[in-house]
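Accompanying notes for the structure given below.
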Amino acid sequence: MSCPVQRFNSQTADFKNQLKMLLAFSEADDEAIDQAAAKILADVKARGDAAVLEYTQRFDRLSAEQAKSVSALELRQADLQQALASLPVEQRTALEAAAARVKSYHEKQKQESGCHSWDYADEHGTRLGQKVTPLDRVGLYVPGGKAAYPSSVLMNAMPAKVAGVKEVIMVVPTPDGTKNPLVLAAAAVAGVDRAFTIGGAQAVGALAFGTETIPAVDKIVGPGNAYVAAAKRRVFGTVGIDMIAGPSEILVLCDGKTNPDWIAMDLFSQAEHDELAQSILLCPDAQFIEQVQESINRLINDMPRRDVIHASLTGRGALIQVRDMGEACEIANSIAAEHLEICAENPRHWAEQIRHAGAIFMGPYTSESLGDYCAGPNHVLPTMRTARFSSPLGVYDFVKRSSMIEVSAEGADQLGHIASVLAHGEGLQAHARAAEMRLKNSKQ
C-alpha cells in the first residue's frame, strides 16, 4: 500500500490559503451532535439514574441484567486491585514506572507553579494574600470505544491527587460489557476513589448534575468522542472542564538530519489515533522530504492500523518544504500544534522561537510517544490551535484561588479615602459610606 501525503511549499503564492484549508476542521460545529448531546443531558438531569441506565443499555449494548442499576455499574476497589494484580509482570512494572514519573513531575509542578497559599503585609499593617485550595470532587472521563487508554487515567487522575482533590470519580464506557484490565489497573495505581462503567454524554450529565447514585463533581476532565466533547461544552458553567479536545495532532520540525524512518513513524504515531488526526512535517530539505515519503510507503504495510493511518495521512497530513528552520518556527507558531517535535541540531535554540505549542519534544531521540506514556509531563494537551491561549492539564487545573484581605485600622483609614473617592465617582454611595465609617475622624 502506498500512502501519498499532500506536498506543499511555503514559497508558493497561495501557501497561506493552502495551510488554512489544511488546518480547517468543522466537526466541533456539528449541530446534530450538539442537539443529541443536549437532549441526553436534559434527560439525565430530569430522570437521573433511570436515564443513565437507559442510555448505557442502548449505546454500550448492555442487557437489562448487565445494567440493572447504576450501583451495579460501579466498580469496587477490590475490582481495581484485582485488575492490577492480574496484569503480566511486564505490564504492571511499566504501568507503575510510568505512574511514578507522572507523579514526580506533577509534584515538582505543584512546587513551582503557584499552587500554594501566600500572603504579605503592606506598610500600614494590612495583610494581603491568596489562599489556594484543591477542588473537592473531580470527574474523570476515560474513553472506551475505539480504543482504551490507561495512560489517560494516569495523566488525569494523578495531578488531581497531587493537588489534594478529595475524591476522584472515574467513568469509562464498556461496550458489550468488555472491561479493559489495564484501565482498571491504572485506576488502582492512580488512586481513583470510585469508578463507574458508563460513558458518553450520559456520563458527563451524571457527573455534572449528580444522580441518585453518582455524586455531582466540581470539574470534569478527560477526552472523549464528539458527543462527549459537545456535552462537556454544554455543562461548562455548571461544572468546570479541562478543555474541548479535538483530533490529535503532531507537527515535526526537522532539519533533514534525522533518520527518515523515525520521522515517518512519528507521523504514524498520531495518524493511528483516528482518521481525523493530523500529522505534518516542516523541513527545508526537499530530498529529505522525499525520503520520508518513501519511508511512509514502506513502513505503513507493517502497521496493524494501516487503514486508519492511510486515511489520516492522505486526508489531513502534509509534508511541507520551508525556506529554513527559522521559517519552520514561524509556521509552527501559526499552527500552534498539540505535539511539536524539533528533530534538529541544537533543538533548544529553535525551541526558544516557539511561542505556541502544547508540548515541545526536543532532539531526535525524543519521540512524542514517550510523552504520551512515561516521560512525566501531562499528555492532555490543547488541540485545534488552542495552544495559543491554553496549557497542558496540570496540578493548577485542580486547585482554585481565593483572595485574602485583612485590613488594619491604619489601613482602613488610608484605603478608605481612596475607596470613597472612587465609589462616589461611580455613583455608589453605600460603597463610599461603608469605607468612610471606618475612617479615623468619622463621626459614625
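Derivation of every value follows stated rules applied to the coordinates shown; laboratory data play no part. What you see is a predicted model; the values in this text were computed from it and never measured. All Cβ positions, glycine included, derive from the backbone under ideal geometry; neighbour counts span all protein chains shown.
Values as computed for the structure displayed
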{"read-out": "Distance violations [Cα-Cα > 27 Å] among 103/257; 39/68; 39/161; 20/103; 39/103", "value": "103/257; 39/161; 20/103; 39/103"}
{"read-out": "15 Å beta-carbon shell around residue 164, net charge (K/R +1, D/E -1)", "value": "+3"}
{"read-out": "Per-residue ³J(HN,Hα) for the stretch 373-385, Karplus 6.51 cos²θ - 1.76 cosθ + 1.60, θ = phi - 60°, Hz, x for Gly and Pro", "value": "10, 8, 4, x, x, 6, 9, 7, 10, x, 10, 6, 6"}
{"read-out": "Separation of alpha-carbon centers, the stretch 359-436 and the stretch 145-176, rounded to whole Å", "value": "26 Å"}
{"read-out": "Cα centroid separation, the stretch 289-324 to the stretch 66-95 (Å)", "value": "37 Å"}
{"read-out": "Cα long-axis angle, helix 31-47 against the chain (0 to 90 degrees, to the nearest 10)", "value": "50 degrees"}
{"read-out": "Residues 189, 142 arranged by fewest to most Cβ contacts within 10 Å", "value": "189, 142"}
{"read-out": "Test item: Cα-centred dipole of the stretch 246-322, Lys/Arg +1 and Asp/Glu -1 on Cβ, debye", "value": "40 debye"}
{"read-out": "Cα-projected label distance for residue 233 with residue 72, points at 7 Å along beta-carbon direction, nm", "value": "3.6 nm"}
{"read-out": "Under Karplus coefficients 6.51, -1.76 and 1.60, residue-wise ³J(HN,Hα) of the stretch 291-304 in Hz, glycine/proline x", "value": "5, 5, 4, 5, 4, 4, 4, 7, 7, 4, 5, 8, 8, x"}
{"read-out": "Dipole-positive endmost among 183, 134, 121 within the stretch 107-197 (Cβ charges, Cα centre)", "value": "183"}
{"read-out": "Longest site-free stretch - the chain; sites: GluC sites (Glu not before Pro), DSSP loop, at most 14 other Cβ within 10 Å", "value": "213-344"}
{"read-out": "Pair residue 418, residue 30: separation of 7 Å Cα→Cβ label points (nm)", "value": "5.3 nm"}
{"read-out": "Charge dipole magnitude, Cβ of K and R +1, D and E -1 - the stretch 126-250, Cα centre, debye nearest 20", "value": "280 debye"}
{"read-out": "Rough spin-label spacing in nm, given labels placed 7 Å along Cα→Cβ, for residue 128 and residue 15", "value": "4.8 nm"}
{"read-out": "Under the Karplus curve 6.51 cos²θ - 1.76 cosθ + 1.60, θ = phi - 60°, whole-Hz ³J(HN,Hα) for the stretch 329-344, x wherever Gly or Pro sits", "value": "5, 4, 5, 4, 5, 6, 6, 6, 6, 4, 10, 10, 9, 10, 9, 7"}
{"read-out": "Cα-based reach from residue 45 at 19 Å (exclusive), listing aspartates and glutamates while leaving out same-chain residues under 8 positions away", "value": "34, 54, 212, 218"}
